[in-house]
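Here is the structure we will look at.
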Amino acid sequence: MAATVLIGEKNGAGATFTDKTSGPIRFKNADNATVDLANPMVVPGAGSDFSFEKWLRMKIGGTGPASQITNLKFYTDGVNSLGTGVLLWAKATTNYATPAEATSTTGYTNAFTYTSGSALSLGAGPYSTINTEMGDHCVMMCEVQSTAGPGTPSETLTFAYDEI
Amino acid sequence: MEFERVVDEDGTKHGMGDGIILTVMPDASDSEIFRRNAVKMGLDGQQRDHITWLVGRLNGVNVYYMGEGRFLMTTQDVNP
């Protein structure tokens with residue numbers, strides 16, 4: 001039987017893990033996993049509005065691999081479909097820190113440069129312990145520039161891993 | 001797709017599922033059969049897809065079974 005692998009969002013000083021494998025992720029101006037219209041990102045008159053960081057991480061659920069999980073990766077389709085003036089940034093970080101509002105793109109890379117052929121590594125592994133997070137966090141943040149329009153655009157993110 | 005992985009006593013590895021069997025002989029130091037998974041998730045939660053490929057590796061050459069009878073053989077590291 002294949003392992004259960006969750007993709008979750010972590011929030012707060014306690015690093016609360018919320019399973020987002022089948023649910024939406026809302027970039028906003030607050031540190032929580034709630035998908036609502038509170039604390040929305042706004043289109044600024046000038047400059048950029050940066051979201052709070054989203055700390056995403058993979059986790060082995062209640063069913064582990066027969067042997068091991070390795071080669072954790074993150075990537076996109078390489079095309080920003082979020083619309084004009086809406087950017088998505090990403091980086092890999094080992095140690096968790098309470099999500100904060102980003103103030104610049106320093107340290108981040110345009111998420112759409114990570115593609116299936118050039119993915120962001122989130123850890124080589126091996127990992128095998130059930131109910132345990134694995135690998136680096138994929139820390140993401142959204143930037144809304146003054147040229148953006150209103151709406152709730154979406155994109156598809158891919159988290160990949162090998163299993164034996 | 002669900003794949004089962006079986007290892008014989010002599011180290012021969014088999015990946016089975018979707019009506020195919022992919023076998024890798026243990027005649028190299030780098031021989032393996034594994035599943036490559038990709039979870040594609042929409043930020044809006046409307047889209048979710050879990051893709052699994054069966055991969056056989058022998059001496060740096062990978063054979064990917066992508067389903068529907070499609071195989072890819074390459075030295076490249078390919079993701080779904």
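What follows draws every value from the coordinates through simple rules; no lab data is involved. Keep in mind that this is a model prediction, so the values were computed, not measured. No Cβ is skipped: glycine too gets one built from the backbone with ideal geometry, and neighbour counts run over all protein chains shown.
Assorted remarks:
- Here r is the Cβ-Cβ distance between A:SER22 and B:ASP8 and R0 is 45 Å; the resulting FRET efficiency, rounded to 0.05, is 0.75.
- Cα-Cα P(r), region B:1-69, percent of pairs per 5 Å interval: 4, 17, 24, 20, 14, 9, 6, 4, 2, 0
- Average other protein chain Cβ within 10 Å of Cβ, residues B:28-40: 5
- Residue mean of other protein chain beta carbons inside 10 Å, B:42-55: 5
- Selection among B:MET25, B:GLY56, B:ALA38 by position relative to the dipole of region B:4-74 gives B:ALA38 as farthest towards the positive end (Cβ unit charges, Cα centre).
- Rg over Rh, two decimals, chain A (C-alpha only, Kirkwood Rh): 0.98
- Think of each Lys and Arg Cβ as +1 and each Asp and Glu Cβ as -1; about the Cα centre, that makes the dipole of chain B roughly 300 debye.
- Pairs from A:LYS28/A:LYS59; A:LYS20/A:LYS73; B:LYS13/B:LYS40 whose Cα-Cα separation, in the structure shown, is over 22 Å: A:LYS28/A:LYS59; B:LYS13/B:LYS40
- Debye equation applied to the C-alpha atoms of region A:1-52, log10 I(q)/I(0) at 0.15, 0.25, 0.30 Å⁻¹: -0.52, -1.00, -1.19
- Positive-pole candidate from A:ALA13, A:ALA90, A:THR115, dipole of the protein assembly as shown, charges at beta carbon: A:ALA13
- Counting only aspartates and glutamates at least 8 places from A:LYS91 when in the same chain, those with an alpha carbon closer than 19 Å to its own are A:GLU9, A:ASP31, A:ASP49, A:GLU53, A:ASP77, A:GLU101, A:GLU133, A:ASP136, A:GLU143, A:GLU155.
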